[in-house]
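The values are calculated or read from the model by the stated rules, or taken from the named source; none is laboratory data. Predicted model, so just to flag it, every value in this text is computed and none were measured. Every residue, glycine among them, receives a Cβ derived from its backbone with ideal geometry; neighbour counts consider all protein chains shown.
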Amino acid sequence: MENWPFHSNNEAAIIARSDNVAVAKRPIERGSIVRLNGFEIKVAQGMQAGQRFAIRDIKEGELLNQYGWPFGVSRGIGMGEFVSPGLMKRHHSDIRDLAERRLDTLKGVSRFAPPEFADTGRTFDGYLRKGGLAGTRNYYLICPASLCASDVAGKIAITSGAIAHGVAGLDGVVAAAHTEGCGCNDGELIERLITILKNTIMHPNVGGALIVDLGCEKVHGNDLKDALGDIEALGKPVDALSIQASGGTRRSVEKGRKIVLSRLSEVSSTRRSLPLSFLTAGLECGASDSFSGLTANPLIGRAVDRLVSDGGSAILSEVPEMLGAEALLLSRMNAAETVERFVRGIEYYRGLAEALGVSMDGNFVYGNEKGGLLNSALKSLGAVQKGGASEIASFLDYGERIKEQGLSLMNGPGNDLESMTGIVAGGANIILFSTGMGATEGNLIAPVIKISSTTGLFQRMDEDMDFDAGPVIEDAVSLDELSGRLTDFMVEVASGRKTWAERWEKRSFQIWSAGKLSL
């Protein structure tokens with residue numbers, strides 16, 4: 001991404017040197033002459049902003065390239081012709097073959113070299129926790145062990161939060177209400193639930209927690225306490241309450257409220273200056289359009305490269321939005337274990353789809369097509385731009401805590417709420433979220449920065465969008481310059497500045513159930 005886009009004028013843009021397809025930046029009349037990268041192209045049909053056209057004749061059977069990678073096979077497309085789904089076929093690559101090629105490459109001397117940025121020495125004001133992690137927020141968490149306790153947990157959070165409002169150093173009292181934990185068998189479903197709840201309690205954005213159970217469900221408070229291990233070593237107060245043992249709803253809410261209020265002095269904290277190595281950015285996209293992969297996603301990617309160079313980390317999930325971009329991702333893995341775990345993650349998702357008899361194409365929705373995307377592979381190639389150009393250090397299971405500094409991939413769904421829940425459980429203490437059509441959700445305990453793909457969206461939804469990526473392509477502002485501004489904004493948010501999702505108290509928490517094909 002040295003130059004992004006590779007070549008652009010007022011009408012259209014080519015993203016990478018090897019691309020044979022351009023993107024219209026604004027409506028182009030039929031018969032117009034567009035000059036791009038040495039080509040003089042007569043546009044064959046009228047183009048709308050976000051639509052794609054061939055910059056040269058693309059023969060039948062030839063690969064269609066964007067971002068420097070193939071997304072389809074041409075059925076025969078003339079120079080200047082609108083590239084439509086009917087003029088292309090799928091481009092299939094076997095994940096095992098791609099992985100074997102990458103592993104063979106790693107046996108030699110060809111290793112991926114990530115971009116390098118000078119260490120800026122930047123800092124943010126965060127909450128230093130026991131164990132060497134840092135929070136960007138300070139919440140008291142009410143954590144129901146099962147769906148049977150979720151309503152009571154919510155009521156405890158509401159009554160306690162009203163009293164705790166205004167306590168210095170406390171961002172709020174929140175409940176991680178969910179729909180799991182009873183009426184199910186042992187196995188992956190239970191293991192995943194406990195992993196997510198445990199890692200959410202342990203998260204550095206949580207200063208204290210109250211575990212609530214009904215008393216007879218499949219997953220109860222003792223299971224969570226056992227998973228947490230030595231609670232004293234967490235460096236935060238963690239209490240438990242059972243609804244049946246407490247005498248029912250009213251008594252449980254009152255007892256819970258008293259526990260919370262008795263702990264607030266321990267939970268309230270002060271910020272201190274910390275290096276960016278304490279930041280882990282979760283990367284998310286939702287309601288993508290044709291410009292998401294040209295502006296907001298690569299902008300996030302460049303900010304991630306800067307963060308990683310400063311010693312920070314990032315987590316990119318949404319496996320359905322990696323399908324079609326596997327070769328690109330594999331090319332940035334330097335460890336055989338990472339390659340192998342990535343392959344297993346892709347096969348897990350494909351196997352789940354096959355077992356349920358459904359197609360992975362469900363991730364490509366009407367809104368994406370309406371927004372100018374042509375197929376799921378093109379959507380994926382644009383989506384993974386959020387990971388920048390850094391080396392991929394590891395591949396994590398859903399909700400697994402990050403192990404390596406740098407960029408990690410996570411096995412997770414394309415569903416925004418479920419994806420963010422897993423990413424935050426994995427350790428992200430701030431989220432960079434791109435949107436082309438206007439996704440608005442937030443997260444229970446991590447601030448979410450909404451980044452619009454176009455200035456038009458930023459202006460139209462000015463009380464939901466936090467940052468405008470439109471100037472990357474609309475005003476010819478360089479990716480480096482705008483990513484520097486985004487990094488500045490991220491530091492401000494990490495230091496306490498509220499995002500729009502926080503101001504509207506959008507505190508989504510949704511666990512991806514094992515066995516559910518969530519796209």
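Working only within segment 235-281, note down all residues that are surrounded by fewer than 17 Cβ atoms within 10 Å (Cβ to Cβ) and over 33 Å from the mean Cα position of the chain (by Cα).
Answer for segment 235-281, where residues must be surrounded by fewer than 17 Cβ atoms within 10 Å (Cβ to Cβ) and over 33 Å from the mean Cα position of the chain (by Cα): Gln244, Ala245, Gly247, Gly248, Thr249, Arg250, Arg251, Glu254, Lys258, Leu261, Ser262, Ser265.
Yes or no, residue by residue, for (1) within 30 Å of Lys89 (Cβ to Cβ); (2) under 11 Å from the mean Cα position of the chain (by Cα); (3) of a type in the set (A, V, I, L, M); (4) modelled with pLDDT of 95 or more:
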residue	(1), (2), (3), (4)
Lys379	yes, no, no, no
Lys386	yes, yes, no, yes
Leu396	no, no, yes, yes
Glu400	no, no, no, yes
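What about Ile423, is it touching a residue at least 60 places away in the same chain (Cβ under 8 Å) and assigned to a helix (DSSP H, G or I)?
Against the criterion (touching a residue at least 60 places away in the same chain (Cβ under 8 Å) and assigned to a helix (DSSP H, G or I)), Ile423 qualifies.
May I ask you to say which residue of Pro85, Pro5 is surrounded by fewer than 21 Cβ atoms within 10 Å (Cβ to Cβ), under 27 Å from Glu326 (Cβ atoms) and at pLDDT below 95?
Pro85
Can you tell me which of Arg302, Arg341 is surrounded by fewer than 24 Cβ atoms within 10 Å (Cβ to Cβ), over 14 Å from the mean Cα position of the chain (by Cα) and in contact (Cβ under 8 Å) with a residue 40 or more places away in the chain?
None of the others qualify; the one that does is Arg341.
Name the single residue, out of those in segment 390-400 being in contact with a helix residue (DSSP H, G or I) (Cβ under 6 Å, 6 or more places away or on another chain) and not in a strand (DSSP E or B), that is surrounded by the most Cβ atoms within 10 Å (Cβ to Cβ).
Here the answer is Gly399.
Limited to segment 254-271, what total is found for residues that are out of contact with any strand residue (DSSP E or B) (no Cβ under 6 Å at 6 or more places or on another chain) and within 21 Å of Phe124 (Cβ to Cβ)?
2
With the condition kept exactly as written, say whether any residue in segment 91-106 is touching a strand residue (DSSP E or B) at 6+ places or on another chain (Cβ under 9 Å), in contact (Cβ under 8 Å) with a residue 24 or more places away in the chain and over 30 Å from Arg306 (Cβ atoms).
Yes, segment 91-106 has at least one match.
Is it the case that some residue within segment 183-197 is closer than 26 Å to Arg497 by Cα, touching a residue at least 12 places away in the same chain (Cβ under 8 Å), of a type outside the set (A, V, I, L, M, F, W, C) and part of a loop (DSSP other than H, G, I, E, B)?
No, segment 183-197 has no match at all.
Among the residues of segment 245-297, which ones are touching a helix residue (DSSP H, G or I) at 6+ places or on another chain (Cβ under 7 Å) and charged (D, E, K, R)?
Within segment 245-297, Lys255, Arg257, Glu284 meet the criteria.
Okay, residues lined up against (1) polar (S, T, N, Q); (2) more than 24 Å from Leu482 (Cα to Cα); (3) touching a strand residue (DSSP E or B) at 6+ places or on another chain (Cβ under 8 Å); (4) at pLDDT below 95:
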| position | (1), (2), (3), (4) |
| --- | --- |
| Ala428 | no, no, yes, no |
| Ser434 | yes, no, yes, no |
| Thr440 | yes, no, yes, no |
| Leu444 | no, yes, yes, no |
| Ile449 | no, no, yes, no |
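I need the full set of residues from segment 112-141 which are modelled with pLDDT of 95 or more and farther than 17 Å from Thr280 by Cα, in order please.
Tyr139, Tyr140, Leu141
Quick check on my filter: what residues within segment 87-133 are of a type outside the set (Ser, Thr, Tyr), within 19 Å of Arg302 (Cα to Cα) and out of contact with any helix residue (DSSP H, G or I) (no Cβ under 6 Å at 6 or more places or on another chain)?
Phe112, Ala113, Pro114, Glu116, Ala118, Asp119, Gly121
Would you check if there is a residue in segment 90-104 being touching a Gly at 6+ places or on another chain (Cβ under 9 Å) and among the aliphatic types (A, V, I, L, M)?
no
Which residues, counting only those in segment 468-510, are in a loop (DSSP other than H, G, I, E, B), of a type outside the set (Gly, Ala, Ser) and under 20 Å from Ala287 (Cα atoms)?
Matches in segment 468-510: Thr499, Trp504, Lys506, Arg507, Phe509, Gln510.
For segment 437-474, name all the residues that are out of contact with any helix residue (DSSP H, G or I) (no Cβ under 7 Å at 6 or more places or on another chain) and of a type in the set (Gly, Ala, Ser).
Within segment 437-474, just Gly456 meets the criteria.
Among the residues of segment 170-226, count how many are at pLDDT below 95, over 28 Å from the mean Cα position of the chain (by Cα) and on the phi > 0 side of the Ramachandran plot.
Residues in segment 170-226 being at pLDDT below 95, over 28 Å from the mean Cα position of the chain (by Cα) and on the phi > 0 side of the Ramachandran plot: 1 in total.
Could you list, ordered by first residue, the pairs with Cβ atoms under 7 Å in which the first is in segment 108-135 and under 26 Å from Ala233 (Cα atoms) and the second is surrounded by 12 or more Cβ atoms within 10 Å (Cβ to Cβ) and of a type in the set (Phe, Trp, Tyr), at least 6 apart or interchain?
Pairs that qualify, where the first residue is under 26 Å from Ala233 (Cα atoms) and the partner is surrounded by 12 or more Cβ atoms within 10 Å (Cβ to Cβ) and of a type in the set (Phe, Trp, Tyr), are Gly126/Phe278; Ala134/Tyr127; Ala134/Phe278; Gly135/Tyr127.
Looking only at segment 203-210, decide whether some residue is surrounded by fewer than 20 Cβ atoms within 10 Å (Cβ to Cβ) and out of contact with any His (no Cβ under 6 Å at 6 or more places or on another chain).
no
Which of the residues belonging to segment 381-396 are out of contact with any Cys (no Cβ under 8 Å at 6 or more places or on another chain) and of a type in the set (D, E, K, R)?
Glu391
I'd like the residue in segment 198-213 that is among the aliphatic types (A, V, I, L, M) and part of a helix (DSSP H, G or I) and, out of all such residues, is farthest from Lys403 (Cα to Cα).
Ile201
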